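The values are calculated or read from the model by the stated rules, or taken from the named source; none is laboratory data. Just so it is clear, the structure is predicted and the values come from calculations on it, not from any experiment. Backbone-built Cβ (ideal geometry, glycine too); neighbour counts: all protein chains shown. Each accessible area value is taken on the protein alone, full model and side chains, heavy atoms only, with ligands, DNA and RNA left out. Shrake-Rupley method; radii C 1.70, N 1.55, O 1.52, S 1.80 Å.
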Amino acid sequence: MRKIAILGYGTVGKGVYKIIKEKFENSENTEEKIIVKKILLKENKKPQEEIKNVFTYNYQEILEDKEIDTIVEVTGAMEEAHNYIKKALSMGKNIISTNKALVAKHLEEYINLAEKNKVSFLFEGAVGGAIPILRELKSLRKINEITKIEGVLNGTGNYILDRMAEKNLDYSQSLKNAQDLGYSEKDPSDDVLGFDGGRKLALLISLSKSLVKEEDIEIFGIEKIKKEDIERAKAKNLKIRHIAYSEFRENSYVAILEPCLIDEKNDFYNLEDAKNLVKIYGKYFEELSIKGKGAGMFPTANAVLQDLLSLGQENYTLDTEALENKNENFQGIYYLRVPGSCKIDLELADKIDMENGYIFIKTKKLIRKKLIEELEKLKIEDYFLARYI
C-alpha cells in the first residue's frame, strides 16, 4: 500500500484523485492500493467538498508525515514548486511531476537529488499526456543509439490546427474552443508560442542522447497563422502541423520546433483533435511511433498513475557530455506569407504568388537562420512561415 500527497488541485490534480478513488483506494491487491492522505491547496483556495477530509495549506505537514512516501506535484508553479520538490527529494520522498517548465529547467538537479537520496523522480506526464514515451525511450536506449526524434508534442496546438482545417474556423475561434474544452489555459502562450513543445523536445533529447535546455531549441509558434494559410495548404491537399524535430550526428544535434506543411503520405497528416504522435528512430530499429491524447484532465492523470505504479523500478539517468548545437546550419524549403507591401528579398524565392493583399512565397532550399534574419530585418509582425516536409 502506498500513501501519497498531491500538490495542487486543478485539472490534473482532480483527475489523479478521481482515478485513485475509483480504481486504487479500495483495491484488494495490497501492492496496488493507493491512498491520497493529503492534498495541498493555496491558502486562498477553499476546499471542494470531496477533499475536505484530506486538504491542507501546510506543506511542512506533508513533509513530516512519515507515512507519505510519494508526492505528486501538479501545481504548474515555478519557484515555489521547485522548493517543494527539492525538500521532498532531500527528505527521501519520491516525486512525480507533470510540471514540464520546471522539469526542463532543473532536470539534472532533480535526477541527481533522487539518486543521492535513493528515491525516484518521475515525470511521464510532463511530456506526452497519455503516451508512455519516456518509459519506451528508457528501454530503447539500453540497446540502441537514438538517431532522430519527430513529434507533434502539444495536443492544444494540434487541436487548433485540426479544427481550423476541418471546421473552417479562424485561429481565435479554434483557440477559444480549445480553452472551453480544458485543453488550454486562459493564457495559451505556452501552447501556441511553442514553449510547451520546446520543453518536451528538450526532455526527450536529454533522455535520448545528452542533456539540453529549453533555450537550445529553435522555436516558431502557430499564433500568426491565418485562414489564408490553411486554405492555401488545403488547395494543394496539404496540412499544417506543429512538428518538433531533432537529429543527432556524431557529437552534434539540431533541435527545431515549427509549423510544417505535410502531404497525406506523412504520418502526422491524419493526426486529429488534441492527439500527440511521437516517432523515435534508432540504430537497431527503423522507427517506433506512439500516439495518444496529449491534453486534458485524464490523459495526464493517467501518466501520473503509470508513474505511481512503476515506482521502485529503474530510475532515469543522464549523459551530460556536451553536444554541439547546429541549429544555425539547419536548411529547408519554406512557405512564407507576408504583407503585400513587404520589401522582402525575392532572391530567397522559388515561387511567388500575390492574393488578398499578401505575398505568398515558396522559398528555395536555404538556411533557416537566414530567413529568420531577413524577417527580423524587415520588422514585420503579420507573417507566417512553415517548412515543407
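Details
- Sorted on the mean count of surrounding Cβ atoms within 10 Å across their residues, most packed first, peptides 225-235, 319-329, 145-155 read 145-155, 225-235, 319-329.
- Sequentially through segment 226-243, phi angles give Karplus couplings (6.51, -1.76, 1.60; θ = phi - 60°) of 10, 3, 4, 5, 5, 5, 5, 5, 4, 4, 10, 6, 10, 10, 9, 10, 8, 10 Hz, Gly and Pro residues having no value and appearing as x.
- Phi angles of segment 369-381 translate, via the Karplus equation with coefficients 6.51, -1.76, 1.60 and θ = phi - 60°, into HN-Hα couplings of 4, 5, 5, 4, 4, 5, 5, 5, 4, 6, 6, 9, 9 Hz per residue; Gly and Pro are given as x.
- Estimated from helices alone, the mean residue ellipticity of the chain at 222 nm is -9500 deg cm²/dmol (sum of -39500 (n - 2.57) over DSSP H runs with n ≥ 4, per residue).
- Between amide H atoms placed 1.01 Å from N, distances below 5 Å from residue 7 occur with 40, 72, 73, 74, all of them 5 or more places distant or on a separate chain.
- The calculated FRET efficiency for the pair residue 237 and residue 180, based on their C-beta separation and a Förster distance of 30 Å, comes to about 0.50.
- Environment charge at residue 144 (Cβ cut-off 13 Å; Lys +1, Arg +1, Asp -1, Glu -1): +2
- Segment 209-283, relative contact order in percent, only Cα pairs under 8 angstrom and at least six apart counted: 28
- Length gained when the stretch residue 342-residue 118 is fully extended (0.36 nm per residue, less Cα-Cα span): 74.7 nm
- Working ranking of peptides 380-386, 252-258, 78-84 by packing, defined as the average number of other Cβ atoms within 10 Å per residue, highest first, is 252-258, 380-386, 78-84.
- Cα-based Rg of segment 157-298 normalised by 2.2 N^0.38 Å, two decimals: 1.07
- Heavy-atom accessible surface of segment 183-231: percent carbon and sulfur, 1.4 Å: 42
- Segment 200-245 and segment 124-182: distance between their alpha carbon centers, rounded to Å: 10
- Farthest towards the positive end of the charge dipole of segment 306-389, among the residues 342, 318, 383, is the Cα of 342, using unit charges on the Cβ of Lys, Arg, Asp and Glu.
- Relative contact order %, segment 86-171, counting alpha carbon pairs below 8 Å whose residues are six or more apart: 24
- Gaussian network model of the chain, springs between alpha carbon atoms under 10 Å - residue of 100, 116, 291 with greatest fluctuation: 116
- Cα-centre dipole for the chain with unit charges at Cβ (Lys and Arg positive, Asp and Glu negative), debye to 20: 300
- P(r) of the chain over all Cα-Cα pairs, binned every 20 Å from zero, in whole percent: 27, 53, 18, 1
- Surface per residue (accessible, 1.4 Å probe) for the chain, Å²: 47
- Max mean-square fluctuation residue, GNM over the chain, Cα-Cα springs under 10 Å, options 335, 358, 281: 358
- Amide H to amide H distances under 5 Å link residue 388 with 261, 333, 334, 335, where only residues 5 or more positions off or on other chains count and H is placed in the peptide plane.
- When only alpha carbons of segment 230-389 are considered, Rg and Dmax amount to 19.6, 62 Å.
- Note on segment 245-325: the alpha carbon radius of gyration divided by the globular reference 2.2 N^0.38 Å gives 1.40.
- The portion of the accessible surface of segment 232-365 made up by carbon and sulfur, rounded to a whole percent, is 44 (1.4 Å probe; DNA, RNA and ligands excluded).
- Using only Cα coordinates, the Kirkwood hydrodynamic radius of segment 308-353 works out to 16.5 Å.
- Both the radius of gyration and Dmax for segment 39-136 are 13.9, 40 Å, in that order, over alpha-carbon atoms.
- Fraction of accessible area attributable to carbon and sulfur, segment 1-147 (%, probe 1.4 Å): 45
- From phi via Karplus (6.51, -1.76, 1.60), per-residue ³J(HN,Hα) for segment 12-18 in Hz, x at Gly/Pro: 6, x, 5, x, 4, 4, 5
- Estimated distance in nm for a label pair at residue 168 and residue 333, the labels positioned 7 Å out from Cα along Cα-to-Cβ: 3.0
- Most mobile listed residue (21, 38, 236) in the chain, GNM with C-alpha springs under 10 Å: 236
- Residues residue 66 and residue 375, FRET efficiency given R0 of 56 Å [Cβ-Cβ distance, rounded to 0.05]: 0.45
- Relative contact order (%) - criterion: Cα under 8 Å, at least six apart; region: the chain: 17
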